1. Between HIS39 and GLU304, what is 0.36 nm times their sequence separation minus the Cα-Cα distance? Round to one decimal in nm.
2. Starting from 0.36 nm per residue, how many nanometres of slack lie between PHE289 and GLU87 once their C-alpha separation is accounted for?
3. Estimate the FRET efficiency between ARG94 and TYR67 by the formula 1/(1 + (r/R0)^6), using the beta-carbon distance for r and 35 Å for R0, to the nearest 0.05.
4. Could you calculate the FRET efficiency of TYR21 with ASP77 from 1/(1 + (r/R0)^6), where r is the beta carbon distance between them and R0 is 35 Å, rounded to 0.05?
5. Going by a ≥ b ≥ c, the root eigenvalues of the Cα gyration tensor, does region 32-190 fall in the rounded group (a/c under 1.5), the prolate group (a/b larger than b/c) or the oblate group?
6. Label points 7 Å out from Cα along the Cβ direction at SER150 and ASP237: separation in nm?
7. Under a crude label model (7 Å from the Cα following the beta-carbon direction), how far is SER187 from ASN278 in nanometres?
8. Name the chymotrypsin sites (Phe, Trp or Tyr not before Pro) in region 29-85 that are in a loop by DSSP and that have at most 16 other C-beta atoms within 10 Å, would you?
Amino acid sequence: MNFTGKDFLRILDFSEEELRYMLDVAKKFKEMKHAGQNHKYFLNKNIAIIFEKTSTRTRCAFEVAGYDLGMGVTYLDPTGSQMGHKESIADTARVLARFYDGIEFRGFKQETVNDLAKYADVPVWNGLTDSCHPTQALADFMTMEERLGSLPGKTLAFVGDTHNNVSNSLMAMSAKMGVNYIACGPSALRPSDEIIAECQPIAEKNGCTITVTEDIKVLSGVADAIYTDVWLSLGEDKEKWGERIQQLQAYRVTMEMMQMARPGAIFLHCLPSFHDLNTSIARDVNEKFGLTEMEVTNEVFESEQSAVFDEAENRLHTIKAVEYLTLVDNK
Ligand code: CP
Ligand code: NVA
């Protein structure tokens, strides 16, 4: 299996075997990290991580994974580079590729990360765009495997804004890993026909199903994991809160919903999450609309079934696997 020099832009760019291998390498890195074992393999390499949008997990995971592998890391914040406003993506890519061995990008448009990858002759990693969040899906599946024992034949239900970036990558990863995927949310926020058309044949080949439904009862007795995400993603217009609350309130993950799932079902969330009033955004929404919890109740978030902090930790190990596999010198 050779990933050296490859970009990591979408889950769908990789074969089943390659994704499986990434998860296995991530598992090894987790063991090494927990055992305190040195893995500074890349002492002479450097990477740049570029963020047009804010981040806690993705930024820290790329950065710490880089340090753990012995690399130098440069963080460029949403205002810290000329990219896009004073210098084209193509020019920036060609400059950075002269300095760095790999480039991570989080931003608004998938085309930007695609362009970076086109013009930079070093690996480019997608740290979230409007259309997908592929490193998140790797961590989610690593967590599901840890908690549920195995992946093929299991059922993952994403409840809420099913047309968002996280759901798109989860549908792709489910199809690749033989996991049944239920996208459960209002029809106005259903996954695009394009993503379904891309994933459906892959799911069929791997003996699993993709279900798109408005009906929460479809989860009953079948979901091994219930996943949700914020109702309004980074970069979306704040004016949409009212409409989204109306559309999505019925899809809040509650204890009743968790009890409908299979015994032992887990709760997943990419985070950050609005499960209480301890953030300024949640307080603003509370003042305007009266909600005290949004996409998930605090009870579920804090429950034994919730695997959200394992999932957050696994961002580090999976991102490290992506950095390692695409940068390792295989010659
Ligand atoms: N899950 C995730 O991508 O978190 P950040 O936005 O903090 O990076
Ligand atoms: N859908 C969310 C995911 C954040 C990790 C967003 O794009 O803001």
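Please treat every number below as a calculation from the coordinates, not as lab data. Remember, it's a predicted structure, so these values are computed and weren't measured experimentally. Neighbour counts are summed over all protein chains in view; Cβ atoms, including those assigned to glycine, are modelled from backbone coordinates with ideal geometry.
1. Residue separation times 0.36 nm, minus the Cα-Cα distance, leaves 92.1 nm.
2. Stretched fully, the PHE289-GLU87 segment lengthens by 68.6 nm.
3. 0.85
4. The formula returns an efficiency of 0.60 here.
5. Note, shape of region 32-190 comes out oblate.
6. In this crude spin-label approximation the distance works out to 4.9 nm.
7. Distance between label points: 4.0 nm.
8. Those satisfying the criteria are TYR41.
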